[in-house]
1. What is the set of long-range amide H partners of V255 at a cut-off below 5 Å, with H atoms built 1.01 Å from backbone N?
2. Can you tell me the FRET efficiency between L17 and L242 if r is taken as the Cβ-Cβ distance and R0 is 51 Å, rounded to the nearest 0.05?
3. What number, in percent, do you get for the relative contact order of the chain if the mean sequence gap of Cα pairs under 8 Å and at least 6 apart is divided by its residue count?
4. In nm, what is the difference between 0.36 nm times the number of residues separating T87 and V165 and their Cα-Cα distance?
5. Explain nothing, just compute: Karplus ³J(HN,Hα) = 6.51 cos²θ - 1.76 cosθ + 1.60, θ = phi - 60°, for every residue of segment 36-52 in order, whole Hz, x for Gly and Pro.
6. Work out the FRET efficiency for S133 and K256 from their Cβ-Cβ distance, taking R0 = 25 Å, and round it to the nearest 0.05.
7. Long-range amide H contacts for G262: which residues qualify at under 5 Å (H placed 1.01 Å from N, peptide plane, sequence gap of 5 or more or a different chain)?
8. Which distance in Å, rounded to a whole number, links the C-alpha centroids of segment 79-105 and segment 216-255?
Amino acid sequence: MTGPAGVATDPERRARLLQAKLHALVRDHTGTEGGDLGGHAGAATLKRGDAGWFLADRNPQRSLGPALAWGHQQALAELHVLVDHPTAAGALARRATPFAIAPQVWKVDGRDLAPAAVSSYPPPEFPPEGIESLIALLRESGADVAVEHGVVTGEWLGLEVARVVITDEGPRLEVGVGRNDREAFQLLHGDVPAIDALRSVVEAARAQRRVGNERHPLSRLVPERWLRARLLAQPSLVGAELLEPMEPIAPRESVKDVIPAGAVGRDVAGNPLLVVCSVGVDLDLVPEAADLRLRHGAMDDAGARLLLVLPERDALPVTRALAEALTARAEVLALPGDWRGE
């Protein structure tokens, strides 16, 4: 798309600059020119024979899946993933290790490339003490209590409707869907008793987050967590006897963040089971799920299974191909019909 008189738009210019950067990095690193420049999933790509180079632009933390998908599409024998983000580079190097033919992850340092060192997982975080009464309020309101990275929230079908916030005056319960909504609710209804405020928000979520109301904003947020909530209530849908939610490896910054939702438990045969839910097209699902399995040690158990659960329409061939590319393969379960329920 171009502007008036053929002038490139900002996205076009950004894409060209990213391709030029990738070309220069590969040229300086290999000492050779040439290759087919292109783009894929918001990244710059360069292909030489059966080798390829992939430089992500936005959201580099979740760029391994798109890079692997491109490599699969191009039938590459050798894939190099370039990351211009020091923290993301180490995480991607770790996420690459479960694949039978692992891509090489490089950290961009100016005009130089260096192999990215595998980073460790973030240390566990725990909720503060003295919040038992606030947790009791969440349960009394009908919300599900979730604990991730030391943060306690109340959810309805996976949607955050309240959060325990630590202030200088101590812990308090803030009501609303996301930070902006919590702030607005406090300004408008600061004098409403906590339990009444909670119940009103839970009821609003209950009324809108339901089958047949898919276009409402509250129904469109974090669908992967909604799918997980359904499986937690009905584990038999995926052949499980018991499932419990598990936190993502990195904390969610916003209710709009799209991160596959995991649950751990056992199948009907009593074997360890890790279920990871996704809705929509998420090319990074397989690396995220495999990284969760590594973190929780399921690969050390010979009976462990990794099950990727998606709506039938979202179980793409590339997802199945990446699941089979893992050293310890993952299974893909496509749910027919409306995944939200009957």
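Readers should treat all values here as calculations from the given coordinates under stated rules, not as data from a laboratory. What you see is a predicted model, and the numbers here were worked out from it, not measured in a lab. Note: ideal-geometry Cβ built from the backbone for every residue, glycine included; neighbour counts use all protein chains shown.
1. Placed amide hydrogens put R179 under 5 Å from V255.
2. E between L17 and L242, to the nearest 0.05, is 0.50.
3. 11
4. Working: separation 78, 0.36 × 78 = 28.08 nm, distance 2.66 nm.
Between T87 and V165, full extension yields an extra 25.4 nm.
5. Once rounded to whole Hz, the list reads 9, 7, x, x, 7, 6, x, 10, 9, 10, 9, 10, 10, x, 9, 10, x.
6. Efficiency computed from Cβ-Cβ geometry: 0.25.
7. For G262, the qualifying residues are M246, C277.
8. 27
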